[in-house]
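Report on the structure given below.
The values are calculated or read from the model by the stated rules, or taken from the named source; none is laboratory data. This one's a predicted model, so the numbers in the text were calculated from it and none came from an experiment. Note that each Cβ is placed from the backbone with ideal geometry, even for glycine, and that neighbours are counted across all protein chains shown. Surface areas here come from the heavy atoms of the whole protein model, side chains and all, with no ligands, DNA or RNA. Shrake-Rupley method; radii C 1.70, N 1.55, O 1.52, S 1.80 Å.
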Amino acid sequence: MAGNSQRRNRRTSNKKGMQVGSGGQRRRGLEGKGPTPPAEARTKHKKNRIATAKAKQAAARRPAPRRGGVKGTSEMVVGRNPVFEALRDGVPATTLYVQQYIDNDERVREALQLAGERGNINLMEAPRPELDRMTNGLNHQGLVLQVPPYEYAHPEDLTAAAYDKHEDPLIVALDGVTDPRNLGAIVRSVSAFGGHGVVVPERRAAGMTAGAWKSSAGTAARTPVSRVTNLTRALEGYQKAGITVVGLAADGEHTVEDLEALAGPVVIVIGSEGKGLGRLVGETCDYRVRISMPGGAESLNAGVAAGIVLYEVARRRG
């Protein structure tokens, strides 16, 4: 009897207990789910895939964080005419040193007036031996202008500036251009034709000196210059960002007027007047172009060549 009772209890314990109610789940399931989302928001819809692809492209073009670049070295402009011209042409300056008991001629008075009008240049009087020491014995004629170090941009700052304006990047890179006046003239052309900056290598190349500032005719104040340790790597970085690198060479396979790539995001690389592009830089370029010269000249000044190509880019974009 006890055994039969235990079997009955086991059978009873295996039966299902009371069923839990649906709690209104079935009723809610019958309710509407609101308006149908647009096609772009539906995961498996073709328009959703297109919208996702466009978003990824936009993210790839988004400007990189601005890192800033290196600083140049400070510079001294010496002599009455050079100091006056630097002040007149807007070259940045921190201090104007004036020799004690200097002959107060017209050039000195004009330099002092320009420095005073700037309002942010310190005027310091110094004995002649001190100015001799500062300038390593150069003929300073009693006037010395202290030019602060130039603050170079980071290469990515130039592309970020373009994307901020919703424009395709237009950058000029210089390979072996050693004359500061050429650099200044190129900065001026980049500014004139809507470019976003200039890239120069640290070694064997001109930097943003007072001479470059003067040749830029003030445009260096609004057109950034980036200085890089390795120009080839900088160009490869631009290529990874989707920018075409075009080298200017006398024996280029394409002509400037025929190259369609100039209408898009582009870095134009210009070599020295004598040697042209270096081997590694030339091999890095996506295209090498030449300027047609019916007159038969072998080469053009770097500043002139840059102006011609920049004009062609601006014409195509216009």
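A few remarks follow.
- Cα-Cα pairs of the stretch 171-251 separated by more than 17 Å (percent): 45 percent
- In the stretch 230-286, the GluC sites (Glu not before Pro) that fall in loop regions by DSSP, at most 12 other Cβ within 10 Å: GLU253
- The distance linking the stretch 119-157 with the stretch 263-316 is 35 Å (Cα centroid to Cα centroid, whole angstrom).
- In the context of the full set of protein chains, residues of the stretch 106-154 present 59 Å² of accessible surface per residue (probe radius 1.4 Å, heavy atoms only).
- A 1.4 Å probe run over the stretch 241-300, with the rest of the protein chains in place, finds 51 Å² accessible per residue.
- Protection proxy ranking of 242-248, 312-318 - average other beta-carbon atoms within 10 Å, highest first: 242-248, 312-318
- Sulfur and carbon atoms: percent of accessible area, the stretch 207-310 [1.4 Å]: 50 percent
- Among 195-208, 107-120, sorting by the average number of other beta carbon atoms lying within 10 angstrom of each residue, highest first, gives 195-208, 107-120.
- Which of TYR287, ALA249, LEU231, positive extreme of dipole for the stretch 212-298 (C-beta unit charges): LEU231
- Of all DSSP beta bridges confined to the stretch 202-318, the antiparallel ones make up roughly 10%.
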